[in-house]
Amino acid sequence: MTDEQTKLDIFEDVDSSALAGSMTVSSKPSSTKAQPGASDFNSLDEPIKETFLRDVRAVGSKFKHVLYPKEKNTLLKSWDLWGPLVLCTFMATILQGNTENSRNNDGGPEFAEVFVIVWIGAMIVTLNTKLLGGQISFFQSVCVLGYCLMPLVLALIACTVILRLGNSYVFFIMRLAATTIGFIWATYATMNFMGDSQPKNRKALAVYPMFLFYFIISWLVVSHSNV
Amino acid sequence: MSSATGDLLAFKDYDDFADSAQISVNSPKKVPQNESEPSTPKVSMFQIEFYQQFFNIDTAEVVERIVNSMYPKRATASYLKTNLGVNPDLYGPFWIATTLIFTIAISGNLADFLQKDDFKWHYNFHLVSYASTCIILYVCLMPFVIWSVLKYSVDLSDDSNPDLESAPYIPSLLSIVCLYGYSLAVYIPVSVLWTIQISFLQWVLVLGGAFLSGSVLINVLMPSIKLSKYSLFLIIGIASAHFILAAGFMLWLFHVPSSSSHHIDSVVTHEIIISAQNQTG
């Protein structure tokens, strides 16, 4: 069967040359639509090490943006929860109370309690932002809140080092100072990332829960006295 | 089959038909009807928009409500009906309760530290759970009790004009929760000041805080309470519960003798538990 015959079988009374014009017009837009979504690199045939390192570098650059909060799009546009998970696990491991020896019990939170405070706390703060009508997606906000724990983790490391040096009035003041700096830093970085997401007359209502969230975690950090 | 046949069979966009369909959807003029009745659209309670109506509030209004909850006589008698009842928010109650839970836990630890004055001291994180249990129960249970007593004992059948400001009115459960949440705001600075270890000052703070916010509570709820036959009972209940909440926290966490005995108790129970564990295991 030839081409001419098929056409004639289906559309007997239609002029084939007229149809040829409309075919090209209708088929063109669908082929151009597929283009913008496709990425220009292919991760299927690259070594696993490269894939892994690319993700690690992405997380690392976000940490850098938190510690030096100047440019806000990296954290907001490509959010991930790897950084918050790492930070939260690290904090929970260090902050957890010693439950084995009850005489030595420092009354600190359990591992799971730190986890719950960080994740549920971040979710409640995010939900608050959404309920007030903020223009930010749920996971963007959880990502920012989690990454901005970075200064407090640094403060926690400093506190642990100071605790090993000794535990007296002077060392306590040093711990307090380290935590205060971490707290201010974390709050400032979060404002920088999320400050614009609310209308002016509700900004304070959205910012206060973030302040409270970091304040509570700072309290855990400065109260931690179990080496 | 050739490509020419494939193209013949491919779908085409019929622009003219799409346009005409849109016109037919828009043509029934329903817009003026919607504008005439300002009823809120029905939103399912599983959507975030349903909860946004409880957070529809500005910074200035929150500050205003907090101030109103602390200054007696600043809020008018119809405050509950004309302000809280119209737009009850949950932002204030939720964050005030959360803040109070953590200020009590943090300053309770601080008071304990000041009493011991020892750098080998260890903090007690679990005050957070005790404080949150008490405060959440208070904020949820008390409004529910007041609301159900009013619902049960007030008869609204008399045919007075409901539009009048003085007309009998039973506040909704949500607006009583809102009122109670804001009434806790005065205890936040009070709980911070409780860390000062002077017994007299602590009692002054308890009485002052309970009087300031308790009198606002009673003053605002008064128009509805008066309608009930248990009005005296309700007033005494509201005032004493508000006072007991403050006095309880102060005696338990901040007061010198009671706090130290509490610690001895906890150490003793710990040892009992350990000996029991050793015997069984």
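The values are calculated or read from the model by the stated rules, or taken from the named source; none is laboratory data. Keep in mind that this is a model prediction, so the values were computed, not measured. Note: ideal-geometry Cβ built from the backbone for every residue, glycine included; neighbour counts use all protein chains shown. Note: accessible area is taken over every heavy atom of the protein model, side chains too, but ligands, DNA and RNA are not part of it. Shrake-Rupley method; radii C 1.70, N 1.55, O 1.52, S 1.80 Å.
Key figures for this structure:
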| quantity | calculated |
| --- | --- |
| Any chance residue A:207 is open to solvent by 10 Å² or more (accessible area, probe 1.4 Å), within 18 Å of the chain's Cα centre (by Cα) and within 14 Å of chain B (Cβ to nearest Cβ) | yes |
| Single condition residue A:121 does not satisfy, out of (1) open to solvent by 20 Å² or more (accessible area, probe 1.4 Å); (2) under 22 Å from residue B:109 (Cβ atoms); (3) within 12 Å of chain B (Cβ to nearest Cβ) | (1) |
| Subset of the range A:168-227 [closer than 16 Å to residue B:123 by Cα and of a type in the set (Lys, Arg)] | A:175 |
| Selection within the range A:192-201 - surrounded by 17 or more Cβ atoms within 10 Å (Cβ to Cβ) and assigned to a helix (DSSP H, G or I) | A:192, A:193, A:194, A:197 |
| Odd one out for residue A:186 among (1) within 14 Å of chain B (Cβ to nearest Cβ); (2) among the small types (Gly, Ala, Ser); (3) open to solvent by less than 30 Å² (accessible area, probe 1.4 Å) | (1) |
| Selected residue [in a loop (DSSP other than H, G, I, E, B), modelled with pLDDT under 90, within 22 Å of the chain's Cα centre (by Cα) and of a type outside the set (Asp, Glu)] from B:196, B:170 | B:170 |
| All positions within the range B:85-123 that are modelled with pLDDT under 80 and touching a Gly at 6+ places or on another chain (Cβ under 8 Å) | B:122, B:123 |
| Condition check for residue B:236: in a helix (DSSP H, G or I), at pLDDT 90 or above, under 25 Å from the mean Cα position of the chain (by Cα) and within 14 Å of chain A (Cβ to nearest Cβ) | no |
| Residue match in the range A:96-109 (condition: modelled with pLDDT of 75 or more and either within 14 Å of chain B (Cβ to nearest Cβ) or closer than 30 Å to residue B:129 by Cβ (or both)) | yes |
| Residue match in the range A:142-151 (condition: free of Cβ contacts under 8 Å to residues at least 40 places away in the same chain and away from chain B (no Cβ under 14 Å)) | no |
| Every residue from the range A:145-179 that is at pLDDT below 90 and either surrounded by 24 or more Cβ atoms within 10 Å (Cβ to Cβ) or outside any helix (DSSP H, G or I) (or both) | A:166, A:167, A:168 |
| Some residue of the range B:64-86 being within 30 Å of residue B:197 (Cα to Cα), out of contact with any strand residue (DSSP E or B) (no Cβ under 9 Å at 6 or more places or on another chain), touching a residue at least 24 places away in the same chain (Cβ under 8 Å) and within 14 Å of another protein chain (Cβ to nearest Cβ) | yes |
